[in-house]
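The values are calculated or read from the model by the stated rules, or taken from the named source; none is laboratory data. All values reported here derive from a predicted model rather than from experimental measurement. When we count neighbours, we look across all protein chains shown, and the Cβ atoms used for this are built from the backbone with ideal geometry, even at glycine.
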């Protein structure tokens with residue numbers, strides 16, 4: 001039906017700038033920057049087989065999950081996936097629990113800590129669908145280096161939540177004056193203590209040093225066996241604080257709280273330790289996906305959540321905040337009073353109005369062969385992995401094939417070279433120590449044509465999602481990972497670099513783009529002889545994390561990102577020319593990372609979300625150098641978060657297809673025909689497994705389209721549809 005929009009649900013189971021490619025060591029040697037040299041042979045590992053989906057979230061403070069991870073936390077619970085939330089610090093601040101408009105009470109650190117924990121129990125009871133004062137089971141979990149963590153459990157109507165409290169003091173006094181918090185523990189070492197509570201199952205005061213905390217988090221991973229681990233942002237943006245951007249609770253010079261950053265770094269170090277120890281022992285490597293969330297970044301950029309999601313988040317925070325006159329039975333109080341009573345919605349900081357991902361392009365990278373057999377790449381257990389369909393259209397997968405390279409951020413970029421080989425690009429945590437010179441990141445490449453000792457070999461089929469190649473880069477030996485360095489010479493600035501986005505030009509040159517520490521664009525290019533250029537910074541404005549790139553029919557490279565007030569485009573005047581940046585003010589303000597594809601008729605299709613709504617705008621740039629952007633579709637009620645776009649296969653370039661995540665986590669395929677003006681519709685779908693990261697959409701065989709998503713069990717899920725007409729839901733075959 002002309003102009004119709006339909007949705008289908010994904011089926012599946014519930015130092016110095018480098019100027020030349022060099023080999024990197026794997027597994028990572030923590031505490032030291034990459035040294036280069038020839039990559040030694042990497043031992044193949046086997047991934048474990050998860051039997052139960054479970055999400056673990058690691059935060060610095062009570063309420064970090066409610067402000068920055070919701071509505072994903074609630075969506076996970078809604079899908080009946082157990083959630084374990086770990087709170088590393090006590091959140092004691094200075095112990096003053098003041099209600100809005102009320103008198104300032106005397107400081108009482110243990111009581112305030114107890115009240116915040118009670119507020120969390122109230123908030124999670126609300127998300128579980130239980131009475132907010134429902135009784136929880138509270139026990140002590142012995143930790144490997146002594147001491148214990150409090151574990152609170154509530155089950156209701158088939159849903160389960162567990163809250164784990166380590167209760168590290170945010171201000172441990174030290175000899176000679178001053179205090180030690182988790183940020184200094186990460187950077188400088190020392191020992192921090194815990195805050196005792198007036199009641200509860202854990203008694204006394206315990207202590208943590210740097211390695212003890214890492215071991216404790218790894219112990220919790222081993223105990224609960226999560227299939228998805230969520231963290232806060234380990235590498236927040238550099239931020240100038242002024243009247244327009246007041247510092248507030250930011251750490252000096254950066255766009256987030258110092259405790260958020262340190263806790264995320266501890267978590268990534270623990271995840272890498274957990275994985276690499278298993279790999280070194282020869283046993284199965286833990287099988288889990290990762291997600292990282294921005295913190296105070298939310299107040300610096302256009303808000304990306306639709307109003308219904310904002311109201312939901314605010315409502316949960318109101319329950320967490322509670323009020324002094326509530327009768328919850330906790331001796332410390334009934335919530336974090338300053339957060340309740342509508343504070344989240346009234347706050348000018350706007351944290352509740354966005355949920356931004358640190359790596360918004362994370363998710364499956366899917367490619368297909370001519371016969372429709374899919375190959376999917378992703379990051380599993382912080383290592384690169386590949387899945388291959390056992391046959392076209394079956395939706396059944398091989399065991400994940402280990403490609404190594406870790407510890408990697410969860411966003412990969414996959415391109416096909418002129419020989420049909422797949423090249424994988426990623427962002428690697430090349431060092432994870434407290435000292436700046438040992439806390440490093442690098443862009444890495446896995447190319448079966450690179451030198452070095454053979455790491456592994458395999459045979460499968462697949463090609464670029466926008467190509468009809470019949471051969472795959474997975475055929476033949478896969479050799480070592482190589483470093484492309486970092487566009488930032490200073491390691492502190494180098495941590496702010498985002499994951500790569502790569503594209504292969506018509507001339508065979510491969511272009512790699514990253515968001516740099518200045519929030520602009522840097523690039524590196526490999527020529528047809530395999531030689532890499534130096535990193536080059538491109539002129540242009542500041543943009544959000546998340547880049548998208550395409551090559552038009554004339555061979556010109558185009559890169560897009562979301563700016564403060566407009567979509568930003570870098571493009572070439574002719575094939576091979578320098579990329580020049582400019583804002584696309586006529587398309588409006590984007591709330592999220594955009595997506596671009598080249599349609600069959602040579603036009604460019606650009607899709608992005610409008611701020612503060614669930615609306616997606618699709619714009620078309622006609623072919624040629626002097627084309628104009630015109631709106632072709634507007635999709636409403638399409639959830640939030642990054643999206644994927646397919647230009648359709650008809651001769652006139654019609655029928656753009658969008659892969660999105662709905663508001664409560666299931667992946668949807670949305671279809672619409674071109675319009676001369678905006679066309680709008682509402683999409684709905686039955687309940688589906690929670691999707692992790694950005695879903696992918698691609699042609700998969702003759703007159704078929706595939707929607708691919710990672711499920712919360714850390715496996716790919718796929719739904720296929722026939723043609724580009726009106727779609728219906730299909731069962732997995």
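So that you can scan it fast, the table gives a plain yes or no per residue for (1) in contact with a strand residue (DSSP E or B) (Cβ under 9 Å, 6 or more places away or on another chain); (2) not in a strand (DSSP E or B):
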{"position": "352", "(1), (2)": "no, yes"}
{"position": "362", "(1), (2)": "yes, yes"}
{"position": "371", "(1), (2)": "no, yes"}
{"position": "385", "(1), (2)": "yes, no"}
{"position": "388", "(1), (2)": "yes, no"}
{"position": "393", "(1), (2)": "yes, yes"}
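Each residue in segment 200-221 was checked for being within 22 Å of the chain's Cα centre (by Cα) and either part of a loop (DSSP other than H, G, I, E, B) or within 23 Å of residue 53 (Cα to Cα) (or both), and 4 pass. Each residue in segment 686-724 was checked for being within 26 Å of residue 230 (Cα to Cα) and modelled with pLDDT under 75, and 4 pass.
The residues in segment 155-192 that are surrounded by 20 or more Cβ atoms within 10 Å (Cβ to Cβ) and either under 29 Å from the mean Cα position of the chain (by Cα) or at pLDDT 95 or above (or both) can be counted, and the count is 16.
Going by the conditions given, is residue 565 in contact with a strand residue (DSSP E or B) (Cβ under 8 Å, 6 or more places away or on another chain) and not in a loop (DSSP other than H, G, I, E, B)? When the stated conditions are applied, residue 565 does not pass them. Would you check if there is a residue in segment 101-110 being in contact with a helix residue (DSSP H, G or I) (Cβ under 7 Å, 6 or more places away or on another chain) and either surrounded by fewer than 23 Cβ atoms within 10 Å (Cβ to Cβ) or modelled with pLDDT of 95 or more (or both)? No - not one qualifying residue is present in segment 101-110.
Of the set (1) modelled with pLDDT of 70 or more; (2) more than 19 Å from the chain's Cα centre (by Cα); (3) crowded, with 19+ Cβ neighbours inside 10 Å, all apply to residue 673 but (1). Take the conditions out of contact with any strand residue (DSSP E or B) (no Cβ under 6 Å at 6 or more places or on another chain), at pLDDT 95 or above and either buried (at least 21 other Cβ atoms within 10 Å of the Cβ) or in a loop (DSSP other than H, G, I, E, B) (or both) and apply them to residue 87. Does it pass? Spelling it out, it is not the case that residue 87 is out of contact with any strand residue (DSSP E or B) (no Cβ under 6 Å at 6 or more places or on another chain), at pLDDT 95 or above and either buried (at least 21 other Cβ atoms within 10 Å of the Cβ) or in a loop (DSSP other than H, G, I, E, B) (or both).
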